[in-house]
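Q: Below is a structure I'd like to ask you about.
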Amino acid sequence: MTQEELFKKLIAHCKEYGFIFPSSEIYDGLSAVYDYGQLGVELKNNIKTYWWDSMTKLHDNIVGIDAAIFMHPRVWEASGHVGAFNDPLIDNKDSKKRYRADVLIEDWIAKQDEKIEKECAKAAKRFGESFDKEMFVQTNGRVLEIKARRDEVNQRMADALNANDLAAVRQIILDCEIVCPISGSRNWTEVRQFNLMFSTQMGSVAEGANTVYLRPETAQGIFVNFLNVQKTGRMKIPFGIAQIGKAFRNEIVARQFIFRMREFEQMEMQFFVRPGEEMMWWNKWKETRMSWHRALGFGDENYRFHDHEKLAHYANAATDVEFNFPFGFKEVEGIHSRTDYDLGRHQQYSGKKIQYFDPETGESYVPYVVETSIGVDRMVLQVLSAAYKEEQLENGESRTVLSIPAPLAPVKVAVLPLVKKDGLQEIAMDLVHKLKFSHNVQYDEKDSIGKRYRRQDAIGTPFCVTVDHQTKEDGTVTIRERDTMKQYRVRIEELEAIVADKVGMRRLFEKLV
Ligand code: GAP
């Protein structure tokens, strides 16, 4: 199965089992907007808890807030979003399709990487065991040629975007002979900037309408509350403010399911530090955040950093944590050194002094900021794409299983009476009533036990507990583990503690400290 086929299957699976639905589906959906179903919302909430608790409980100098989505319009002028939160767009005159010019070039660059990989694969076949990939990449003429061209285009793109030189961006598209994937032609318009913020009106028009924006990032809600939190929380630098909330962007290239949406959710933390210490903190947060991802056990090789060549208008250093999705390595999280740009601009635009008196140095200053910003939806996609498996079993059957880490799984335990008689249902229901105070539990008595296991595998339930006739004799039940399919008996009194130990977040948190 190709990665593309696997991704299509995952999307279908998400719908079939109540994880994710297209928004307003009965009206044919709304492009790049999705709804979370009964299991999707549980997974999403667990991801949020993993992030929130790791920030606010494991760090005694980080607190959380929940700011409003609507903010004073001046906020977005101060932050630079009104002027600079743009995507460079280009249209193909034949297909009438619109593209992000930088994405067209990035796709071209990705193709060069694929070409290099193909050359390596061919050589590996030719040389067999003695093949040294590193050496090959450094010395093979064809690979060096592709790499040099790739690097040159990458640099040209970074320079053109940094200089806001849209004609130069277009020239790269022409020079690389990039064609429209629909029409196959190179009949391109000029490149122009398009602001990504959604706007609406607050108050009735008659009373004097006021344009407000749907926030494109949650971060600004933190910056404008810096003094409120610092003073009321008696926070001392370095300290952080965390927030989870919706953000909105009028994305032009909306694709790859919930990877790029128009309405999405962010988990952002702004860490306020002394000027001059930001690089040290930036490196520290890179490490901390990478550990958070890796603790989920999806394989260290599936993560990498990608340092930015084109920096956002507020940053002096930035990196992405990329995950190996079925469509390749893509950004899940950004770690940005935002300097004193945001607080400084809010100070300037609001006319209010936004400074911190440092009792250790006796100085007042505008703090510098290191931000960690991760998309909840991209995390959901990361978890689902890493977890989705189709397995061939020894008995010739197959199963689809979501190996979601137990602390994130939507349903923790399924309680299954082996048969619908002899009082087994009553014992099983009793168990459900005991476990439901601590865990999300499902009860299922329909169909054969094998079919019920498959249903739970497909939604990622880590444990099935079966009540059978032996339960009546000795008070034990069978636990069946999702990933190994191993089964063992435990006493009913021990069940709650065994499950709690395996599904609690504690095991994840212990890897982080
Ligand atoms: N406050 C900084 C900021 O917003 P960003 O790199 O634009 O930085 C941070 O976004 C994260 O938000 C991304 O790494 C991604 O996970 C998520 N994100 C951004 N745009 C998104 C979109 N259109 N759909 C889903 N997630 C998105």
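Taken together, the values in this text are just the output of simple stated rules run on the coordinates, not laboratory data. Just so it is clear, the model here is predicted, and its values are computed rather than measured. Cβ coordinates were reconstructed from backbone atoms using ideal geometry, including for glycine residues, and neighbour counts include every protein chain displayed.
Q: For K310, which lysines qualify as cross-link partners when the Cα separation must be under 25 Å and same-chain residues fewer than eight apart are set aside?
A: K111, K115, K147, K284, K286, K330
Q: Which of E360, E277, E129 comes first, and how do the rest follow, when ranked by fewest Cβ neighbours within 10 Å?
A: Working: E360 8, E277 15, E129 5.
In increasing order of surrounding Cβ atoms, one gets E129, E360, E277.
Q: Please compute the length gained on full extension between R507 and D53, using 0.36 nm multiplied by the number of residues separating them and subtracting their Cα-Cα distance. Each step should come with its number before you reach the end.
A: On the way: separation 454, 0.36 × 454 = 163.44 nm, distance 1.29 nm.
My answer for the length gained is 162.1 nm.
Q: Per the Kirkwood definition applied to all pairs of different Cα atoms, how many angstroms is the hydrodynamic radius of region 401-509? Write down the numbers at each step before the final one.
A: On the way: mean 1/r = 0.0727 Å⁻¹.
Kirkwood hydrodynamic radius for region 401-509: 13.7 Å.
Q: What is the chain's relative contact order, in percent, from Cα pairs under 8 angstrom and six or more apart in sequence? Mind dumping the intermediate values first?
A: Values: 854 pairs, mean separation 72.0, N = 513.
Once divided by the residue count of the chain, the mean separation gives 14 percent.
Q: Still on this model: How far is helix 38-56 tilted, in degrees, relative to the longest principal axis of the Cα atoms in the chain, given as a value from 0 to 90 rounded to the nearest 10?
A: 60 degrees
Q: Here is a follow-up. Stretched out fully, how many nm does the piece from D307 to N187 gain, at 0.36 nm a residue minus the Cα gap?
A: Working: separation 120, 0.36 × 120 = 43.20 nm, distance 3.27 nm.
Taking 0.36 nm per residue and subtracting the Cα distance, the gain is 39.9 nm.
Q: Between region 100-125 and region 297-333, what's the alpha-carbon centroid distance in Å?
A: The two parts, judged by their Cα centres, are 18 Å apart.
Q: Residue-wise, which Karplus ³J(HN,Hα) couplings in Hz belong to region 233-248, taking 6.51 cos²θ - 1.76 cosθ + 1.60, θ = phi - 60°, and x for glycine or proline?
A: With coefficients 6.51, -1.76 and 1.60, one gets x, 6, 7, 10, 5, x, 8, x, 10, 10, 7, 10, x, 6, 9, 9 Hz.
Q: Once phi is turned into ³J(HN,Hα) by the Karplus curve 6.51 cos²θ - 1.76 cosθ + 1.60 with θ = phi - 60°, what whole-Hz value does each residue of region 266-279 show in order, with x for glycine and proline?
A: 3J(HN,Hα) across region 266-279, in whole Hz: 10, 10, 10, 9, 9, 10, 8, 9, 5, x, x, 9, 5, 5.
Q: If packing is taken as the average number of other Cβ atoms within 10 Å across a peptide's residues, how do 299-311, 319-331, 279-291 rank, most packed first?
A: Details: 299-311: 13.1, 319-331: 18.5, 279-291: 17.0.
Top of the packing list down: 319-331, 279-291, 299-311.
Q: With each pseudo-label sitting 7 Å past Cα toward Cβ, what's the K9-D430 distance in nm, one decimal?
A: 4.2 nm
Q: Here is a further query. How tilted is helix 424-435 with respect to the longest principal axis of the chain? Cα atoms for both, answer in degrees (0 to 90, nearest 10).
A: For 424-435 against the chain, the angle is about 40 degrees.
Q: Would you kindly give the portion of the calculated P(r) for region 158-315 that falls above 28 Å, as a percent of all Cα pairs? Walk me through the numbers on the way to the answer.
A: Numbers: 5655 of 12403 pairs.
Here the tail beyond 28 Å accounts for 46 percent of pairs.
Q: Hey, another quick one. Less than 26 Å apart at the alpha-carbon level, and either on another chain or at least 8 residues along: which lysines does that give for K353?
A: Hits, sequence-local ones excluded: K231, K236.
Q: Determine which lysines satisfy two conditions relative to K502: a Cα distance under 18 Å, and not lying fewer than 8 residues away in the same chain.
A: In chain and number order, the partners are K412, K434, K436, K486, K511.
Q: Counting only residues 5 or more places away or on other chains, whose amide H sits under 5 Å from the amide H of A317 once H atoms are built in the peptide plane?
A: S337
Q: Let me ask something else. With θ set to phi - 60° and the Karplus curve 6.51 cos²θ - 1.76 cosθ + 1.60, what are the ³J(HN,Hα) couplings of region 384-398 in order, to the nearest whole Hz, using x for Gly and Pro?
A: Computed from phi, the couplings for region 384-398 are 5, 6, 6, 8, 6, 9, 10, 10, 9, 8, 4, 7, x, 7, 10 Hz.
Q: Here's something else I'd like to know. Could you give the alpha-carbon Rg of the chain over 2.2 N^0.38 Å, rounded to two decimals? Write down the numbers at each step before the final one.
A: On the way: Rg = 26.3 Å, N = 513, 2.2 N^0.38 = 23.6 Å.
Here the Cα radius of gyration is 1.12 times the empirical estimate.
Q: Let me ask something additional. Give the order of H59, H313 when sorted by the count of other beta carbons within 10 angstrom, beginning with the fewest. Mind dumping the intermediate values first?
A: Numbers: H59 16, H313 12.
In order of increasing Cβ crowding within 10 Å: H313, H59.
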